[in-house]
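Chemist: The structure under discussion is supplied below as structure tokens; questions concerning it will follow.
Here, each number is a calculation from the coordinates, and none is a lab measurement. Keep in mind that what you see is a predicted model, and the values were worked out from it rather than measured. Note that each Cβ is placed from the backbone with ideal geometry, even for glycine, and that neighbours are counted across all protein chains shown.
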Amino acid sequence: MRNFIRIQDVMKKTGIARSTLWLWVSENKFPKPIKLSPRITVWEEEKIENWMKEKL
């Protein structure tokens, strides 16, 4: 089963600021989020962890 995390949790996990996250998403440097509703956006936790492993 996939775990989804919100932007606050992504920021805590990666140490990256909100504006930088969105910039990197737009530049395809960070995993794309999933839009659940107009006000709820989530990321797959596994994709964030894999991205972090690639950057180390």
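Chemist: Out of these labelled values of Rg and Dmax of the Cα atoms in Å, (i) 24.9, 87; (ii) 21.8, 65; (iii) 10.7, 33, which was calculated from the coordinates shown here?
Modeler: After the calculation, the listed value that fits is (iii).
Chemist: Another question about this same structure. What lysines could a cross-link reach from K35, if we take a straight Cα to Cα line under 19 Å and drop same-chain neighbours fewer than 8 places away?
Modeler: Excluding near neighbours in sequence, the set is K47.
Chemist: Could you give the length gained on full extension between L23 and S37, defined as 0.36 nm per residue of separation minus the Cα-Cα distance, in nm?
Modeler: Separation in residues times 0.36 nm, less the Cα-Cα distance, equals 3.0 nm.
Chemist: Sticking with this structure for a sec: Points 7 angstrom from Cα along the Cβ direction at K12 and W51: gap in nanometres?
Modeler: With each label point 7 Å from Cα toward Cβ, the separation is 1.8 nm.
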